[in-house]
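First comes the structure, then the notes that go with it.
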Amino acid sequence: MSTAVAAVDLGASSGRVMVGRVEPDRLTLAEVTRFRNGAIRVHDTLHWDVLRLYRGVLDGLRAAGPGMASVGIDSWAVDYGLLDETGALIGNPVSHRDDRTREIAPRLRDAIGADTLYETTGLQYLPFNTLYQLAAEPRLARASTLLLIPDLLTYWLTGDLGTEYTNASTTQLLDIHTGQFSPTLLAHVSARPSLFPPLRQPGSGRGDLLPHVLAATGLSDRLPVTAVASHDTASAVVGVPAAGERFGYVSCGTWSLVGIELTAPVLSAESRAANFANEGGVDGTVRYLRNVMGLWLLQECRRVWAGVPLDALLAEAAAHAGFGAVVDPDDAVFLPPNEAGADMPTRIADYCARTGQPVPRTPGEITRCVVDSLAAAYRRALDDARRLSGRDIDVVHIVGGGSRNALLCQATADACGLPVVAGPVEAAALGNVLVQARGIGALPGDLPVLRDLVRRTQPLRRYRPRNASAVA
Ligand code: LFR
């Protein structure tokens, strides 16, 4: 018998609601709605339009129709909404690309001590981690409750106040040794210990849709929300179709999250220096990874080159093999959106000029530069992960939207000198579906079993390395 669940997967550039159908030997996914997302600048602040996202979720549940056994929500990490004591949202959530933490983040890191912070949380330094956002948060004194984005939407759907664990692990406020919020770190940002509602584990129930939500979605039966790995990257890692343990992954969307899966964190000084994060995964796993700026670079360029189709860009880029210029995609100059200053093509050209490289000018040249830069950054991250953890890998899995980009997949295989398996595109939604299905008892199995189902049922493409890397 097949079980159908609705997976809500929210990304920085789009949100979608998908219906997943699960049987012991079948796993299908159908998109029922897709809606645009993007940060909106109002005066000096970049906001998320979270009510619009909520509407997208309600429309999606209506389109999914009756017959769903459960709903699960995942989204990008670290960003949050604040509730006052009546449960009302205080203002719109602020995007992590807002520059409000630029000065306070390094100051707070140094005040706490970068080594203490790493030993306590195991997280990489990213100036937008929730810890730093709270240090820059003028609304905090008025707030009773903080909810990460999927938890905020869950609260609106069912009334449940909780903090899902995998997403909580990205806040840099969770103590990796106790698995609980660190009172000391909360005190550093003057946050009350009660600010975060209780932790929820992936697979646990989060209540049923409220009566007015059922009415708004045209549904009549009881419909439970199930906690998934609500950090989209954690869901995507569940959806990696790997066999065994010796694999690296690139969860490739707006961000690229590059790493390996471990059973215990790596908290060494070398690991901190390499800026690796030990994020929480399902079933006690550790997502040992580094953030690479990802397709954001190309997405921002494409907003400037409006109208040039991606296929045409990639074909032009392919013709520029050996163009030669690479940027460090993680340089802070690439983090903000175009609106904040120079547009992305200009920032990339300036970087190449500043570093004495050939300067890419045309969209094709710039696209080539971005693809090669990402492949080189993936190689560096995977080399570091192997070295720092002692875990070797035989294959790189690229999942998410970027797995469709054949030029990037081949460049990654070439740069890493390893075979690349590309797909599934919707790894996060599949991970979301699988954890829900398991949570409601419709699918037995541990992570390898879930991944085996993905591997047997989803279309995948393989790329062989062509020559041991010419890319630095
Ligand atoms: C990917 C992601 C990354 C996180 C970034 C910001 O969508 O969730 O894992 O570092 O967005 O939240």
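Can you tell me which residues in region 254-267 are at pLDDT 95 or above, within 12 Å of the ligand (Cβ to nearest atom) and more than 11 Å from Ala381 (Cα to Cα)?
Going through region 254-267, the residues at pLDDT 95 or above turn out to be 255-267.
The next check asks that each one be within 12 Å of the ligand (Cβ to nearest atom); those that pass are 255-259.
Listed by number, the list holds a single entry, Trp255.
Do we have any residue at all in region 17-28 that's under 14 Å from Ala429 (Cα atoms) and surrounded by fewer than 18 Cβ atoms within 10 Å (Cβ to Cβ)? Before you say what the answer is, go through the steps one by one.
Initial filter on region 17-28 (under 14 Å from Ala429 (Cα atoms)): 17-22, 27-28.
Checking which are surrounded by fewer than 18 Cβ atoms within 10 Å (Cβ to Cβ) leaves us with 21, 28.
Within region 17-28, one or more residues are under 14 Å from Ala429 (Cα atoms) and surrounded by fewer than 18 Cβ atoms within 10 Å (Cβ to Cβ).
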Any residue in region 314-336 that is in a loop (DSSP other than H, G, I, E, B) sitting within a Cβ distance under 7 Å of a residue that is of a type in the set (S, T, N, Q) and surrounded by fewer than 19 Cβ atoms within 10 Å (Cβ to Cβ)? List the pairs, counting only those 6 or more apart or interchain.
Gly324/Gln357; Ala325/Gln357
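Glu245: in contact with a helix residue (DSSP H, G or I) (Cβ under 8 Å, 6 or more places away or on another chain), charged (D, E, K, R), under 29 Å from Ala406 (Cα atoms) and in the same structural domain as Arg386 (by TED's automatic domain parsing), yes or no?
Details: in contact with a helix residue (DSSP H, G or I) (Cβ under 8 Å, 6 or more places away or on another chain): no; charged (D, E, K, R): yes; under 29 Å from Ala406 (Cα atoms): yes; in the same structural domain as Arg386 (by TED's automatic domain parsing): yes.
Against the criterion (in contact with a helix residue (DSSP H, G or I) (Cβ under 8 Å, 6 or more places away or on another chain), charged (D, E, K, R), under 29 Å from Ala406 (Cα atoms) and in the same structural domain as Arg386 (by TED's automatic domain parsing)), Glu245 does not qualify.
Name the residues in region 10-51 that are charged (D, E, K, R), closer than 24 Å to Asp452 by Cα and part of a strand (DSSP E or B), would you?
So in region 10-51, the residues charged (D, E, K, R) come out as 16, 21, 23, 25-26, 31, 34, 36, 41, 44, 49.
Add one more test, that the residue is closer than 24 Å to Asp452 by Cα, and what stays is 21, 23, 25-26, 31.
Across region 10-51, the qualifying residues are Arg21, Glu23, Arg26, Glu31.
Residue-wise test of (1) more than 23 Å from the chain's Cα centre (by Cα); (2) closer than 22 Å to Glu164 by Cβ; (3) modelled with pLDDT of 95 or more.
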{"position": "Thr28", "(1), (2), (3)": "no, no, yes"}
{"position": "Thr45", "(1), (2), (3)": "no, no, yes"}
{"position": "Trp48", "(1), (2), (3)": "no, yes, yes"}
{"position": "Gly60", "(1), (2), (3)": "no, yes, yes"}
{"position": "Gly72", "(1), (2), (3)": "no, yes, yes"}
{"position": "Ala88", "(1), (2), (3)": "yes, yes, yes"}
{"position": "Arg107", "(1), (2), (3)": "yes, no, yes"}
{"position": "Gly122", "(1), (2), (3)": "no, yes, yes"}
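Looking at Glu279, Glu270 in this structure, which one is at pLDDT 95 or above and more than 15 Å from the ligand (Cβ to nearest atom)? Reasoning before the result, please.
Working: Glu279 fails: more than 15 Å from the ligand (Cβ to nearest atom).
Going through Glu279, Glu270 in turn, the sole match is Glu270.
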Residues located in region 292-318, provided they are of a type in the set (Phe, Trp, Tyr) and closer than 15 Å to Leu374 by Cβ
Trp296
Could you tell me whether any residue of region 206-213 is within 22 Å of the chain's Cα centre (by Cα) and either farther than 19 Å from His177 by Cα or within 16 Å of the ligand (Cβ to nearest atom) (or both)?
yes
Does Leu147 satisfy being crowded, with 20+ Cβ neighbours inside 10 Å and of a type outside the set (Gly, Ala, Ser)?
yes
Condition (residue is of a type in the set (A, V, I, L, M) and without any contact (Cβ under 8 Å) to a residue 40 or more places away in the chain) applied to region 110-131: is it met by at least one residue?
no
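Please go through region 274-329 and pick out each residue that is of a type in the set (D, E, K, R) and buried (at least 24 other Cβ atoms within 10 Å of the Cβ). Walk me through it before giving the result.
Step one: list which residues in region 274-329 are of a type in the set (D, E, K, R), which gives 279, 283, 287, 290, 300, 302-303, 311, 316, 328.
Hits for region 274-329 are Glu279, Arg287.
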Wholly within region 353-472, which helices (runs of 4 or more DSSP H) include no fewer than the required count, namely at least 3 residues that are farther than 30 Å from Val308 by Cβ?
363-389, 427-439, 447-457
Hey, Asp372 hits all of (1) among the acidic types (Asp, Glu); (2) touching a Cys at 6+ places or on another chain (Cβ under 9 Å); (3) under 16 Å from Phe334 (Cβ atoms) but one; which does it fall short on?
(2)
With surrounded by 22 or more Cβ atoms within 10 Å (Cβ to Cβ), among the acidic types (Asp, Glu) and assigned by TED's automatic domain parsing to the domain that holds Val258 as the only criterion, which of Asp372, Asp343, Asp383 stands out?
Asp372
Those residues of region 52-83 that are under 28 Å from Gly280 (Cα atoms) and free of Cβ contacts under 8 Å to residues at least 40 places away in the same chain come to a total of 0
Looking at region 256-267, which of the residues that are in contact with a helix residue (DSSP H, G or I) (Cβ under 7 Å, 6 or more places away or on another chain) and in contact (Cβ under 8 Å) with a residue 40 or more places away in the chain is farthest from Ser389 (Cα to Cα)?
Ser256
Could you figure out which of (1) in contact with a strand residue (DSSP E or B) (Cβ under 8 Å, 6 or more places away or on another chain); (2) surrounded by fewer than 18 Cβ atoms within 10 Å (Cβ to Cβ); (3) small (Gly, Ala, Ser) isn't true of Ser95?
(2)
Going through region 16-66 one residue at a time, which ones are small (Gly, Ala, Ser) and under 18 Å from Ile149 (Cα atoms)?
Gly38, Ala39, Gly56, Gly60
Sole exception among (1) farther than 30 Å from Ala114 by Cα; (2) surrounded by fewer than 22 Cβ atoms within 10 Å (Cβ to Cβ); (3) within 16 Å of the ligand (Cβ to nearest atom) for Arg246, by number:
(3)
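The values are calculated or read from the model by the stated rules, or taken from the named source; none is laboratory data. Quantities reported herein were computed from a predicted structural model and do not represent experimental measurements. Positions of Cβ are backbone-derived with ideal geometry, glycine not excepted, and every protein chain shown enters the neighbour counts.
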